[in-house]
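Trainee: Take a look at this one; I'll ask things after.
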Amino acid sequence: MKKLLLLLAAVFCMAAASDPAERLPDPGQEARARAIFAQVRCLVCQNESIDDSQAELAGDLRRLVRDQIAAGKSDGQVKTYLTDRYGEFVLLKPAFSWGNGALWGAPFLVVTLGLLLWLRNLRTPRPDAELSQDEAARVADLADKDQT
């Protein structure tokens, strides 16, 4: 049953390819390539997978993935090749790393610290500042000069 579903998925994937000459002859390899296409970002469109994009660079990336799969590389090796060449940005769902965690967590940390400082500032009582005798005399002198 699984083999039948895989075969049907491969046939539908091949039917969706833009150019029959680009397809891999092995339906299993083509299905693997299409699965990777959905996980790789088009570097021109930036919010589409290379499977959805019509950009020329997306076509180049599709050919590159197909070439890697035809050479017998595993899915992980293909993704590693792409990330080594284009950086982790090329993956639509990058792997977790401490750098990515810091990148995603920093805004929440800054907002939380800001709220805590604001709450601390609201709770801290402010003493009413009284003017010294010299300051009061100076204010009175300035008020007298202003009235004249």
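The values are calculated or read from the model by the stated rules, or taken from the named source; none is laboratory data. All of these numbers come straight from a predicted model, not from anything done at the bench. A quick note on method: Cβ atoms are made from the backbone with ideal geometry, for glycine too, and the neighbour counts reach across all protein chains shown.
Trainee: Can you tell me how many residues in the range 103-137 are at pLDDT below 90 and small (Gly, Ala, Ser)?
Mentor: Summing the residues that are at pLDDT below 90 and small (Gly, Ala, Ser) in the range 103-137 gives 3.
Trainee: Of everything in the range 71-87, what is loosely packed, with under 14 Cβ neighbours inside 10 Å and assigned to a helix (DSSP H, G or I)? Give them in sequence order.
Mentor: Matches in the range 71-87: GLY76, GLN77, THR80, ASP84, ARG85.
Trainee: Sticking with this one: In the range 74-106, what count of residues is obtained for those that are basic (Lys, Arg) and farther than 30 Å from GLY28 by Cβ? Spell out the reasoning first.
Mentor: Taking the range 74-106 first, the residues basic (Lys, Arg) are 79, 85, 93.
Restricting the remaining residues to those that are farther than 30 Å from GLY28 by Cβ gives none.
Adding up the residues that qualify gives 0.
Trainee: Just the residues that are surrounded by 10 or more Cβ atoms within 10 Å (Cβ to Cβ) and either at pLDDT 85 or above or touching a Cys at 6+ places or on another chain (Cβ under 8 Å) (or both), please, taken from the range 88-98.
Mentor: Quick first cut of the range 88-98, residues surrounded by 10 or more Cβ atoms within 10 Å (Cβ to Cβ) only: 88-92, 94, 97.
Across the range 88-98, the qualifying residues are GLU88, PHE89, VAL90, LEU91, LEU92.
Trainee: So which residues in the range 89-141 are over 30 Å from SER49 (Cα atoms) and assigned to a loop (DSSP other than H, G, I, E, B)? Step through it out loud before you land on a result.
Mentor: Initially, the range 89-141 is screened for residues over 30 Å from SER49 (Cα atoms), giving 109-141.
THR124, PRO125, ARG126, PRO127, ASP128, ALA129, GLU130, LEU131, SER132 - these are the residues of the range 89-141 that are over 30 Å from SER49 (Cα atoms) and assigned to a loop (DSSP other than H, G, I, E, B).
Trainee: Would you confirm, using the coordinates I've provided, whether THR83 is in contact with a helix residue (DSSP H, G or I) (Cβ under 8 Å, 6 or more places away or on another chain) and of a type in the set (S, T, N, Q)?
Mentor: Values: in contact with a helix residue (DSSP H, G or I) (Cβ under 8 Å, 6 or more places away or on another chain): yes; of a type in the set (S, T, N, Q): yes.
When the stated conditions are applied, THR83 passes them.
Trainee: Let me ask another. Only one of these conditions is not met by ASP67: (1) modelled with pLDDT under 90; (2) surrounded by 11 or more Cβ atoms within 10 Å (Cβ to Cβ). Which number is it?
Mentor: Going through the list (1) modelled with pLDDT under 90; (2) surrounded by 11 or more Cβ atoms within 10 Å (Cβ to Cβ), ASP67 breaks only (1).
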